[in-house]
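First up is the structure itself, then whatever we jot down about it.
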Amino acid sequence: MLEQFEKIGKDALTALKKVTEPAALEDFRIKYLGRKGKIIQMLGRIGQLSPEQKPRAGQLANKIKKEVTEAFDRLKNTLLQSQEQTGELIDVTLPGIAVNIGKTHVITQTLNELLEIFGRMGFAVAYGPVVEDEWHNFVALNIGPDHPARDPFDCFYIDDNVLLRSHTSPVQIRIMEHTKPPIRIVAPGRVYRPDTVDATHMYMFHQLEALVVDEGVSMVDMKTAIAQFIHAFFGPDTKWRFRPSFFPFTEPSAEVDLLLADKTGKESWVEMGGCGMVDPSVFDAVGIDNEKYTGWAFGFGIERLAMRKYGITDIRLLFENDLRFLEQF
Ligand code: DAH
């Protein structure tokens, strides 16, 4: 009898070794540890033994039951744990983990909207380098050697002849150097000026440059395009005006002001950027026939456009990366 008990125990442990997945656990339990299982049955048979045999058989049977039960529990734990780790057990009733979906920065959003508006108006997009030479940033744009815009206090020079571009107008030059008219482009990008940082100034900001060159292009074309753009971007009732101005690379030149209300409802004119008819000497610099072709251009500050559109009163908010601010857009 005792040998039979030993054998049942050994068989059970060998059978347990063959259990490698959770589904097989229950079969094993029923076969050995269930009410009709071999081990429980074995305990039942002790009652049939003589009083002298009972104690030893009882001890052995209990020892075997304990060993097998413990081995079974250990295996069960490891199998269920590894099942959890491989993600097979999913509790579909658990509340989900909210995923924060990233989004583009408000300046990128504004830029995308601007490019879309100008795309609809037939403008292609052009880009130029941020590290620029004096020829493209100044000379070809008719900005003479003594012009205050070339002052080291107004530009980040890298060496005598190279600087971080102080405006996007050099992209006009790069395009005209390599493209025969008709030209119709907008050029967005970063520009750099060593301004003291305050609510309306940053040492880096973005501009959107536009350039149109063709035969018979007039200031009326420029005015129409700018009006269309302002109405598309700010709404059809937006009031704006040209204010006479001067830029070395345009003649005549104007600044574009928008009439906008602040929080209290008080209206004032706010400058958005400059524009004008391309100066004939700029065409000379890039080898475009200034008898045959005329053109217009503008350069607008993208931060200004975004700040006006969304009522942002401090430019620094745009660059601090504070999520409480950014999440509002
Ligand atoms: N580049 C000028 C600036 O940064 C803005 C500007 C004025 C651009 C007139 C133009 C233009 O294309 O025609 O202040």
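The values are calculated or read from the model by the stated rules, or taken from the named source; none is laboratory data. Source: prediction; values computed, not measured. Neighbour counts run over all protein chains shown; Cβ positions are idealised from the backbone, glycine included.
Points worth noting:
- Test set (1) in contact (Cβ under 8 Å) with a residue 24 or more places away in the chain; (2) in contact with a Ser or Thr (Cβ under 6 Å, 6 or more places away or on another chain); (3) within 12 Å of the ligand (Cβ to nearest atom) - PHE246 fails condition number: (1)
- Residues in segment 154-165 that are within 34 Å of the chain's Cα centre (by Cα) and in a loop (DSSP other than H, G, I, E, B): ASP154, CYS155, ARG165.
- Selected residue [surrounded by 14 or more Cβ atoms within 10 Å (Cβ to Cβ), within 14 Å of the ligand (Cβ to nearest atom) and assigned by TED's automatic domain parsing to the domain that holds LEU114] from ALA254, ALA306, ALA232: ALA254
- THR78 loosely packed, with under 13 Cβ neighbours inside 10 Å, hydroxyl-bearing (Ser, Thr, Tyr) and in a loop (DSSP other than H, G, I, E, B): no
- Listed by first and then second residue, the pairs with beta-carbon distance under 8 Å, at least 6 apart or on different chains, first residue in segment 48-64 and in a helix (DSSP H, G or I), second of a type outside the set (A, V, I, L, M), are ALA57/PHE5; LEU60/PHE5; LEU60/GLU6; ALA61/PHE5; ILE64/PHE5; ILE64/GLU6; ILE64/GLY9.
- Restricting ASP221, ASP146 to those that are assigned by TED's automatic domain parsing to the domain that holds LEU111 and assigned to a loop (DSSP other than H, G, I, E, B) reduces the list to ASP146.
- Unmet criterion (only one of (1) at pLDDT below 95; (2) farther than 23 Å from PHE319 by Cα) for ALA126: (1)
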